[in-house]
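Taking it in order: structure first as structure tokens, then the write-up.
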Amino acid sequence: MSVARPAARRLISGRLASGPARRRPRFANVRAADMGLMDESQIDKFTKEKFPQYTKEEIEQLRTRYSPEQIAALEAGEAAINPRDLTVQGRLRSDPYALPYIDDFAENQPIVDKRARNKEAPDPNARFMNLDEFTEDLINWADKFQQGDVTGTLKTLVDFVPDEFKKVPEGRWTKEVRDDAQRAFQRYLEGEVNKQAKKNEGFLESESGPTDADVLQYILERSAMTDGNRTTNSSLAPALPSKVPGVAGLYKNAIDPEDGGMDDIGIYQDLKKRTGLTVRAILNLHNKCLVRRWVSNQTRLGKVGKTSIVWVAGNGDGWLGIGEAKSTEPTIAALKARLLAIRNMRPIRRYENRTIYGSVTSKVSGTVVKMSARPPGFGLRVSHRIFEMCRAAGISDLAASIPRSRNPMNSVKAAYHALCNQPNPDEIAIGRGKKLVDVRKVYYGGAVH
Amino acid sequence: MGIASITNACSHLQNATRARLGLTSLPSTKYNLRLALALHRAGLVSSVTRGGPRPPPPEALLATEVEPVTADNVATRRLWVGLKYWNNAPVMRNLAPVSKPSRLVTATVPELAKVARGFPVGPLKGLNLGETLFLSTDLGVLEVREALERKVGGLVLCRVS
């Protein structure tokens with residue numbers, strides 16, 4: 001018979017109607033209690049002996065060590081387990097997964113267990129006492145060692161006269177009253193002296209005041225900090241909290257649920273704040289590595305090589321930025337350059353959202369880039385780096401030439417400068433005081449492209 | 001002097017505007033006066049005033065003449081030209097003479113029409129955004145668009161942008 005019985009066959013077997021019937025064993029068993037093997041009184045005795053309940057004193061003792069929540073958890077744990085079950089069912093495990101030692105973890109074994117750290121951590125706000133605090137602390141300590149009598153606590157003669165004479169001056173007391181009071185006061189003073197003598201018997205050797213041991217203890221064990229002499233398991237200050245004020249969030253970026261899990265590493269969080277773009281928008285930007293160079297710095301330790309990268313980023317709709325970064329790690333240089341490019345994005349003037357205004361020339365070092373506006377459908381007849389820049393900026397009709405040096409980095413910079421410095425017809429018109437109309441927007445109702 | 005004074009005036013005005021001057025002077029000749037007035041019509045200069053060797057006072061710039069020209073003072077007359085600036089940049093940034101004494105460049109109306117649309121004709125390059133040409137015609141010194149309006153060609157003096 002297979003281990004797993006198919007459900008269909010179980011349905012067919014017809015037991016469903018009557019419910020799962022209890023299988024009667026073929027050979028009847030005899031319960032242990034019926035055989036006299038189990039005696040309830042014996043069980044109770046064993047249980048009370050081996051698994052006693054906490055006494056009230058023990059609970060009080062526990063209360064001093066544990067918080068109310070911990071005490072509640074202890075009580076809940078005690079209530080959850082019936083001690084009888086421990087007696088009847090508790091067995092030493094012999095299965096393969098049993099622990100290799102026998103322990104109920106009630107005691108601390110110094111060889112096996114780590115040292116219990118049951119004291120509080122040092123006071124994080126403690127500092128060394130100043131002069132006033134130290135003086136006060138010293139006085140508090142010295143006050144524990146009483147020296148001489150406490151003054152002002154003894155009764156006076158007035159306390160022994162009847163109430164009606166208490167407000168009357170001593171000279172006007174009657175003789176009987178005065179004699180009685182004198183006698184009672186005498187008795188009281190003798191009693192007090194005896195009492196004090198008895199009390200001082202124990203202190204006779206020390207002559208009262210702190211002993212040498214007390215002084216040594218004061219020097220060695222009294223805390224010099226303002227922590228109220230708190231004892232701890234460690235002399236180390238507590239570790240920095242997980243959130244240090246002023247530093248929290250700077251190094252560990254909280255994952256923003258708005259990102260939709262697209263920026264779990266947190267590389268775009270700074271960009272998000274700077275640009276106001278969402279992570280999805282940042283990831284959707286056009287970007288391209290345009291120039292990649294290997295540069296090196298000659299030092300007395302040798303050549304320090306770095307990768308220098310120029311990246312371009314744009315939204316394909318009139319915004320363009322370039323970023324330049326260097327790093328010994330090419331991937332880091334690329335990331336830095338890309339983030340810088342996105343940060344540096346700025347609007348580029350576009351005529352009819354497809355080309356530039358007029359023609360622009362820009363020069364960086366020996367590189368001159370000339371750009372000219374072109375009619376619709378002309379396309380991008382430009383060199384490959386300027387092509388990528390135009391695509392990122394959303395320019396579709398352009399002619400450009402680089403008549404002189406075609407240095408990659410300078411041509412990218414000059415092209416960016418040219419795109420950012422196009423003439424503005426409106427400004428020209430205002431400067432000359434002329435009215436300016438774009439006739440392409442006048443003919444055919446402006447439907448020219 | 002003829003065309004040479006025009007090339008000199010172009011150079012001087014370009015230098016003055018790049019030096020961010022507010023008021024500068026040209027020799028008082030008929031040719032210079034016509035060019036300066038054409039520049040004024042095009043909105044490239046703010047004022048044209050005939051005055052003496054000293055700059056006229058600001059209130060006199062509204063008049064065309066500070067004092068009447070007489071036989072005594074005619075030799076000392078200068079044309080005082082006010083320069084314009086907008087958004088911290090000169091309105092008239094580049095002045096390049098086209099004709100020079102060794103080569104006079106003339107253009108007919110059809111040629112001017114092409115140039116004004118941005119196409120090159122002979123030695124003339126097409127006009128770019130914000131550029132204009134000034135011509136000496138039978139009707140005086142005119143901007144290229146004025147010349148086209150009046151259907152007149154002539155000697156191309158300078159290109160201004």
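So what is the accessible area of chain A per residue, in Å², with the probe set to 1.4 Å?
For chain A, the solvent-accessible area averages 75 Å² per residue.
Dividing the alpha-carbon radius of gyration of chain B by 2.2 N^0.38 Å (N being the number of residues), what value is obtained?
Taking the Cα Rg and dividing by 2.2 N^0.38 Å, one obtains 1.05.
Calculate the mean, over all residues of peptide B:129-138, of how many other protein chain Cβ atoms lie within 10 angstrom of the residue's Cβ.
3
Protein chains only, probe 1.4 Å: how do B:Leu142, B:Leu61, A:Leu99 rank by accessible area, largest first?
Result, largest first: A:Leu99, B:Leu61, B:Leu142.
Evaluate peptide A:423-431: per residue, the Cβ atoms of other protein chains within 10 Å of its Cβ; return the mean as an integer.
The mean count of partner-chain Cβ atoms within 10 Å per residue comes to 5.
Using the Cα centre as the reference, give the magnitude of the dipole from point charges on the C-beta atoms of the range A:33-78 (Lys, Arg: +1; Asp, Glu: -1; all else neutral), rounded to the nearest 20 debye.
220 debye
For chain A, modelled as a GNM with alpha-carbon contacts under 10 angstrom, which of A:Leu86, A:Leu216, A:Leu271 fluctuates the most?
Checking each option, the largest mean-square fluctuation is seen for A:Leu86.
Sum up the charges of everything whose Cβ sits under 13 Å from the Cβ of A:Met129, counting Lys and Arg as +1 and Asp and Glu as -1, but leave A:Met129 out.
Working: positive: A:Arg127, A:Arg222; negative: A:Asp123, A:Asp132, A:Glu133, A:Glu136, A:Asp137, A:Asp227.
Summing Lys and Arg as +1 and Asp and Glu as -1 gives -4.
In terms of Cα to Cα distance under 17 Å, which aspartates and glutamates are near enough to A:Lys56, apart from those fewer than 8 places away along the same chain?
Partners within reach: A:Glu75, A:Glu78.
So what's the gap between the Cα centers of the range B:92-114 and the range A:348-376, to the nearest angstrom?
25 Å
Pop out the ³J(HN,Hα) list for the range A:221-235 in order, Karplus 6.51 cos²θ - 1.76 cosθ + 1.60 with θ = phi - 60°, rounded to Hz; leave Gly and Pro as x.
Result, ordered by residue: 10, 6, 6, 8, 9, 8, 9, x, 6, 6, 8, 9, 7, 9, 8 Hz.
Please list, in order, the residues from the range A:308-345 whose amide nitrogen is less than 15 Å from a point placed 7 Å along the Cα→Cβ vector of A:Asp438.
Taking a point 7 Å out along Cα→Cβ of A:Asp438, the residues of the range A:308-345 whose backbone N falls under 15 Å are A:318.
Provide, in order from the shortest bin, the percent of all Cα-Cα pairs of the range A:267-347 in each 5 Å bin, continuing until the bin that contains the maximum pair distance.
Whole-percent P(r) values from 0 Å outward: 3, 16, 23, 22, 14, 9, 6, 4, 2, 0.
Going down the table (A:Lys306/A:Lys363; A:Lys370/B:Lys125; A:Lys288/A:Lys326; A:Lys155/A:Lys198; A:Lys306/A:Lys336; A:Lys336/A:Lys413), which pairs top 22 Å between alpha carbons?
On the way: A:Lys306/A:Lys363 27 Å; A:Lys370/B:Lys125 15 Å; A:Lys288/A:Lys326 16 Å; A:Lys155/A:Lys198 20 Å; A:Lys306/A:Lys336 13 Å; A:Lys336/A:Lys413 18 Å.
Check vs 22 Å cut-off fails for A:Lys306/A:Lys363.
Students often check this: by mean Cβ neighbours within 10 Å, which of A:260-266, A:367-373 ranks highest, and how do the rest follow?
A:367-373, A:260-266
Ignoring ligands, DNA and RNA, what percent of the accessible area of the range B:98-160 is carbon or sulfur (1.4 Å)? Each step should come with its number before you reach the end.
On the way: 1660 of 3160 Å².
Carbon and sulfur atoms account for 52 percent of the accessible area of the range B:98-160.
Could you give the angle, 0 to 90 degrees to the nearest 10, between helix A:384-393's Cα long axis and the longest principal axis of the Cα atoms of chain A?
The helix A:384-393 is inclined about 60 degrees to chain A.
List every DSSP H helix in chain B whose Cα atoms extend 20 Å or more along the helix's own long axis and whose mean Kyte-Doolittle hydropathy is at least -1.0.
B:3-18
Quick one: net charge of A:Leu92's neighbours, Cβ under 15 Å, K/R +1, D/E -1?
0
Can you list the chymotrypsin sites (Phe, Trp or Tyr not before Pro) in the range A:371-449 that are in a DSSP coil and have 15 or fewer other beta carbons within 10 angstrom?
A:Phe378
Using the Cα centre of the range A:228-338 as the reference point, and only Cβ charges (+1 on K/R, -1 on D/E), how large is the resulting charge dipole? Debye, rounded to the nearest 20.
Approximately 600 debye in magnitude.
Express as a percent, rounded to the nearest 5, the fraction of DSSP beta bridges in the protein assembly as shown (both residues included) that run antiparallel.
Close to 95 percent.
Give a residue-ordered list of calculated ³J(HN,Hα) values for the range A:265-282 (Karplus: 6.51 cos²θ - 1.76 cosθ + 1.60, θ = phi - 60°; whole Hz; x for Gly, Pro).
With the stated coefficients, the range A:265-282 comes to 7, x, 6, 9, 5, 5, 4, 4, 5, 6, 9, x, 7, 7, 5, 5, 5, 5 Hz.
Taking only Cα atoms of the range A:148-201, what ratio of Rg to Rh do you get with Rh as the Kirkwood inverse-distance radius?
Values: Rg = 13.5 Å, Rh = 12.5 Å.
Reported Rg/Rh (Cα atoms, Kirkwood Rh): 1.08.
Give the dimensionless ratio obtained when the Cα radius of gyration of the protein assembly as shown is divided by 2.2 N^0.38 Å.
2.09
Collect residues whose amide H, placed 1.01 Å from N in the peptide plane, falls under 5 Å from the amide H of B:Gly153; neighbours closer than 5 in sequence don't count.
B:Val109
Within chain A, which is the longest segment containing none of the GluC sites (Glu not before Pro) that sit in a DSSP loop and have at most 11 other Cβ atoms within 10 Å?
A:208-449
When the Debye formula is applied to the Cα atoms of the range A:307-449, each taken as the same point scatterer, what base-10 log of I(q)/I(0) results at q = 0.16 Å⁻¹?
Log10 I(q)/I(0), no solvent term: -0.87.
Given charges of +1 on the Cβ of Lys and Arg and -1 on the Cβ of Asp and Glu, with all other atoms neutral, how large is the dipole of chain B about its Cα centre, in debye to the nearest 20?
With Lys and Arg at +1 and Asp and Glu at -1, about 460 debye.
Can you tell me the 0 to 90 degree angle between the C-alpha axis of helix A:131-143 and the longest principal axis of chain A, rounded to 10?
Roughly 20 degrees, rounded to the nearest 10.
Would you mind counting up the charge near A:Glu329? Only other residues with Cβ under 11 Å from its Cβ, with Lys and Arg at +1 and Asp and Glu at -1.
+3
With a 1.4 Å probe and all protein chains kept in place, how do A:Asp163, A:Asp137 rank by accessible area, largest first?
A:Asp163, A:Asp137
I'd like the orientation of helix A:408-420 relative to chain A: the angle between its Cα long axis and the longest Cα principal axis, in ° from 0 to 90, rounded to 10.
Around 90 degrees separate the two axes.
At 1.4 Å probe size, put B:Phe134, A:Phe145 in order of accessible surface, largest to smallest.
On the way: B:Phe134 0, A:Phe145 50 Å².
Per-residue accessible area, sorted high to low, gives A:Phe145, B:Phe134.
Given an 8 Å cut-off on Cα distances and at least 6 residues of separation, report the relative contact order of chain A as a percent.
8 percent
The values are calculated or read from the model by the stated rules, or taken from the named source; none is laboratory data. Fair warning: this is a prediction, and the values are worked out from it, not measured in the lab. We place every Cβ from the backbone using ideal geometry, glycine too, and count neighbours over all the protein chains shown. Areas reflect the complete protein model, heavy atoms only, side chains present, ligands, DNA and RNA absent. Shrake-Rupley method; radii C 1.70, N 1.55, O 1.52, S 1.80 Å.
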